[in-house]
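Structure first, then comments.
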Amino acid sequence: MNINKEQIRRILIIRLGKLGDVIFTTPLVRALKKALPKAEIIYVVSSYAKPILENNPYINKLLILRVEPKQILNTRQALFGSA
């Protein structure tokens, strides 16, 4: 599959896991921005991870989800089952 890098305008990263999981994605964000400098990088995290990412120069928009990941999982399981 060939991907035209010029056509990639936005990248959405959603990381609602533990702080360590968020920290481990910071090299990914830097690599994406260097590979796709014109792309807007939008990162969604829970409020506890905001201090880790709020000054990251490679993130264009940081969106804070004020719902705990466990609530999201419970909602998904209620709607779609545990499979």
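General remarks:
- Top-ranked residue of segment 12-25 - restricted to ones that are surrounded by fewer than 16 Cβ atoms within 10 Å (Cβ to Cβ) and within 14 Å of residue 61 (Cα to Cα), ranked as nearest to the chain's Cα centre (by Cα): 14
- Every pair of residues 6+ apart whose Cβ atoms lie under 9 Å, when the first sits in segment 1-23 and is free of Cβ contacts under 8 Å to residues at least 24 places away in the same chain while the second is exposed (fewer than 11 other Cβ atoms within 10 Å of the Cβ) and part of a loop (DSSP other than H, G, I, E, B): none
- The one condition in (1) surrounded by 13 or more Cβ atoms within 10 Å (Cβ to Cβ); (2) farther than 23 Å from residue 66 by Cβ; (3) not β-branched (Val, Ile, Thr) that residue 37 fails to fulfil: (1)
Throughout, read-outs are computed from the coordinates displayed, never taken from laboratory work. Given the structure is predicted, the values throughout are model-derived calculations rather than measurements. Please note: Cβ atoms are built from the backbone with ideal geometry, for glycine as well, and neighbour counts cover all protein chains shown.
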